[in-house]
Amino acid sequence: MRVLVVGSGGREHALAWSLSRSDSLDELHAAPGNPGIAALAHCHPVRADDHGALVSLARELRIDLVVVGPEAPLVAGLADELRHRGIAVFGPSAAAARIEGSKSFAKEVMDAAGVPTARTLPIAQPPCVIKLDGLAAGKGVWVCRTQDELESALEAAQASDQPFHVEELLEGPELSLFAIAAGEAAVAFPPARDYKRIGDGDTGPNTGGMGSFSPLPDVADDEAEEILEIVHRPVLRELVGRGAPFQGLLYAGLMRTKDGLRVIEFNCRFGDPETQSLLPRLANDLLPHLAGDLSQQLEMADRAAVTVVVSGGEYPERGDQGTPIEGIEAAEATGALVFHAGTALHDGQLVTNGGRILNVVGAGATVAEARSTAYEAAAHIDFTGMHLRTDIAANV
């Protein structure tokens, strides 16, 4: 198969890495890709939001399957445009992608499907959570335990020019569960856990994610099927009933509360950085599943993976551009994987080009062993202002 991966981040590098190992792959292309993806695929200078150019590129390259990484093109209807021109795509229609594009729509679907989630509150008072309704790159949520935090969150939400709502603050460990879905059919990855805040000990503002790991100590891999039955399948059936069948990756952000499992949010694509920890655990071929063959379960190797995100020093307030990066080859020589998330080449020198710059992934027989590998590798990487959390998968 000829495959085109759309996107330029660490998630897309991980997808390209996994797809490059497929026996079914003939050619791998990316748009726009990044310097890491370029070692695995033919990269084309077409932006993920340029739908017309992506359609033209896919037709020119005679692509058999387009795999869309980021959420914004899906919410904007990229998958529809490709399908209307006879091009197969892994990713939901704009109608189905509203499950991520509008939190109010997601609440409506969950209520209709009987899926447990946080209650919407009529009045903003602590403790509560403020959530933007639309896309916000993982940074549109404010947890408010005090009046000062609430006032700051309301000010930020009002400045966003987006609708927002208030919901109850749930407490408990979070987890992510990904399901490859086609209509009402779905197969699940095992649970993973990510770290959303910028600082050690879950301090500071929310980010797109500063690290992840799998498997989890408190939710076994084989519990994925039970969660799929409680959470994903009712939502998939509801979307079919609304004439918006979901085809792609349905990602549930979940919390285990004292009252049971609750959905925090749904996303319409592979999560970042959980994907970077899940794909290195995958034992069978990813490509047939993305191409729509859900006759087999996703098989996971008996190993753990830990991802440490390396960001620019001022992330998430702003990104970093043009700072030289050193040490990636030394990091990879330790046995770790290094996925490029925000990099570029400038006169042959690898430089920063974003907020989250690199994802360092360690694998091992246990989470502790994988964690050690990831941090040993990350210690070789250096650029001015680089930041990483030191507590990813600690005490697991």
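The values are calculated or read from the model by the stated rules, or taken from the named source; none is laboratory data. As the structure is a computational prediction, the values presented were derived from the model and not from experiment. Accessible surface is based on the protein model in full, side chains and every heavy atom, while ligands, DNA and RNA are left aside. Shrake-Rupley method; radii C 1.70, N 1.55, O 1.52, S 1.80 Å.
Two decimals is fine: what's Rg over Rh for the range 24-77, C-alpha atoms, Kirkwood radius as Rh?
Details: Rg = 11.0 Å, Rh = 11.7 Å.
Over the Cα atoms of the range 24-77, Rg/Rh equals 0.94.
Kirkwood Rh, Cα Rg: Rg to Rh for the chain?
Value, to two decimals: 0.94.
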Cα pairs beyond 13 Å in the range 133-176, in percent, come to 60 percent
Taking max minus min of the Cα coordinates of the range 1-44 on each principal axis, largest first, gives extents in Å of 24, 17, 15
Scattering profile of the range 126-200 from the Debye formula, Cα beads only, expressed as log10 I(q)/I(0) at q = 0.24 Å⁻¹, is -1.13
The range 319-396: spread of alpha-carbon positions along the three principal axes, whole Å, largest first, is 40, 23, 16
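Sort F164, F266 by heavy-atom solvent-accessible area, probe 1.4 angstrom, most to least. Write out the running numbers ahead of the final one.
Numbers: F164 75, F266 5 Å².
Most to least solvent-accessible, the answer reads F164, F266.
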Number of Lys pairs in the chain closer than 15 Å at Cα, excluding neighbours under 8 places apart unless interchain, is 6
Correct semi-axes for the range 190-311, from √(5λ) of the alpha-carbon gyration tensor and rounded to whole Å with the largest first, are 24, 19, 15
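What does the convex hull of the Cα atoms come to per residue for the range 42-127, in Å³? Don't skip to the end; give the middle numbers.
Working: hull volume 12.3 nm³, N = 86.
Considering the Cα atoms of the range 42-127, their hull volume per residue is 143 Å³.
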Here the range 204-215 yields Karplus 3J(HN,Hα) values (6.51, -1.76, 1.60; θ = phi - 60°; whole Hz; Gly and Pro given as x) of x, x, 5, 10, x, x, 10, x, 6, 7, 7, x
Ignoring ligands and nucleic acids, R256 exposes an accessible area, probe 1.4 Å, in Å² to the nearest 10, of 80 Å²
Counting only protein heavy atoms and leaving out ligands, DNA and RNA, the solvent-accessible surface of E108 at a 1.4 Å probe, in Å² to the nearest 10, equals 100 Å²
Once D26, D218, D194 are ranked on solvent-accessible area with the largest value leading and a 1.4 Å probe, the list reads D26, D218, D194
Extension length gain for R21 and D382 (0.36 nm per residue less Cα distance), in nm, is 127.1 nm
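Using 0.36 nm per residue of separation minus the Cα-Cα distance, give me the extension gain between E151 and E226 in nm, one decimal. Provide the component values of the computation, followed by the final result.
Details: separation 75, 0.36 × 75 = 27.00 nm, distance 3.92 nm.
Full extension of this stretch gives 23.1 nm more.
Leaving out ligands and nucleic acids, and using a 1.4 Å probe, what accessible area per residue does the chain come to in Å²? Before the final figure, lay out each step's value.
Details: 15820 Å² over 396 residues.
Solvent-accessible surface per residue comes out at 40 Å².
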Expressed in square angstrom to the nearest 10, the accessible area of V75 with a 1.4 Å probe stands at 50 Å²
